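A.B. asks: My questions all concern the structure below.
The values are calculated or read from the model by the stated rules, or taken from the named source; none is laboratory data. Remember, it's a predicted structure, so these values are computed and weren't measured experimentally. For neighbour counting, all protein chains shown are included, and Cβ atoms are generated from backbone atoms with ideal geometry for every residue, glycine included.
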Amino acid sequence: MYIYNVTINVENSIKKHWLQWIKNHIPQVLATGKFSDAKLTKVLVDEENNTTTYSIQYRAKSRKDLDDYYTHHADKLRQEGQKLFADKMLAFRTELEIIDEYKVNFHTNE
């Protein structure tokens with residue numbers, strides 16, 4: 001499994017508009033069939049430059065799915081955001097490979 005993480009620093013002047021847009025954009029990325037799910041998060045840091053940082057984490061089942069996304073979908077899907085918010089946001093992307101996952105199992109004493 002892989003996580004395709006997109007971190008975006010957004011100027012607060014467009015934050016509300018950007019959030020509306022990204023909540024419609026994420027389902028378009030998922031509709032490519034290359035990711036199983038996504039999480040939209042706010043990065044909890046104190047920004048000094050009147051911006052807010054968000055992270056979107058898309059989960060891909062295989063390296064092939066991630067590569068296919070880059071080859072067939074990424075450029076087209078990035079264009080709209082660049083047109084709308086080009087000078088008001090800064091994005092960078094990171095790939096993470098999941099090595100192992102752990103979950104807490106809660107048991108009741110009944």
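A.B. asks: Which of the following residues is at pLDDT 90 or above and either within 27 Å of residue 17 (Cα to Cα) or of a type in the set (Val, Ile, Thr) (or both): 78, 63?
C.D. replies: Exactly one of 78, 63 is at pLDDT 90 or above and either within 27 Å of residue 17 (Cα to Cα) or of a type in the set (Val, Ile, Thr) (or both), namely 78.
A.B. asks: Further question on the same structure: In the range 24-33, which residues are under 13 Å from residue 57 (Cα atoms) and either surrounded by fewer than 12 Cβ atoms within 10 Å (Cβ to Cβ) or more than 13 Å from the chain's Cα centre (by Cα) (or both)?
C.D. replies: Once the filter is applied, which keeps residues that are under 13 Å from residue 57 (Cα atoms) and either surrounded by fewer than 12 Cβ atoms within 10 Å (Cβ to Cβ) or more than 13 Å from the chain's Cα centre (by Cα) (or both), the range 24-33 yields only 27.
A.B. asks: Answer yes or no as to whether residue 56 is in contact with a Leu (Cβ under 6 Å, 6 or more places away or on another chain), within 22 Å of residue 2 (Cα to Cα) and surrounded by 13 or more Cβ atoms within 10 Å (Cβ to Cβ).
C.D. replies: Working: in contact with a Leu (Cβ under 6 Å, 6 or more places away or on another chain): yes; within 22 Å of residue 2 (Cα to Cα): yes; surrounded by 13 or more Cβ atoms within 10 Å (Cβ to Cβ): yes.
Spelling it out, residue 56 is indeed in contact with a Leu (Cβ under 6 Å, 6 or more places away or on another chain), within 22 Å of residue 2 (Cα to Cα) and surrounded by 13 or more Cβ atoms within 10 Å (Cβ to Cβ).
A.B. asks: Same structure again: Being surrounded by fewer than 11 Cβ atoms within 10 Å (Cβ to Cβ), touching a residue at least 60 places away in the same chain (Cβ under 8 Å) and either within 27 Å of residue 1 (Cα to Cα) or out of contact with any Gly (no Cβ under 8 Å at 6 or more places or on another chain) (or both): is that true of residue 97 here?
C.D. replies: yes
A.B. asks: May I pose another question? Counting just the residues of the range 59-94 that are touching a strand residue (DSSP E or B) at 6+ places or on another chain (Cβ under 6 Å) and surrounded by 12 or more Cβ atoms within 10 Å (Cβ to Cβ), which one comes out farthest from residue 32 (Cα to Cα)?
C.D. replies: Initial filter on the range 59-94 (touching a strand residue (DSSP E or B) at 6+ places or on another chain (Cβ under 6 Å)): 59-60, 66, 88-94.
Keeping just the survivors that are surrounded by 12 or more Cβ atoms within 10 Å (Cβ to Cβ) gives 59-60, 66, 88-91, 93.
Values: 59: 13, 60: 11, 66: 11, 88: 27, 89: 24, 90: 24, 91: 20, 93: 18 Å.
Ranking the candidates gives 88 first.
A.B. asks: When you go through (1) within 25 Å of residue 9 (Cβ to Cβ); (2) touching a Gly at 6+ places or on another chain (Cβ under 9 Å) one by one for residue 65, which number turns out not to apply?
C.D. replies: The number of the failed condition is (1).
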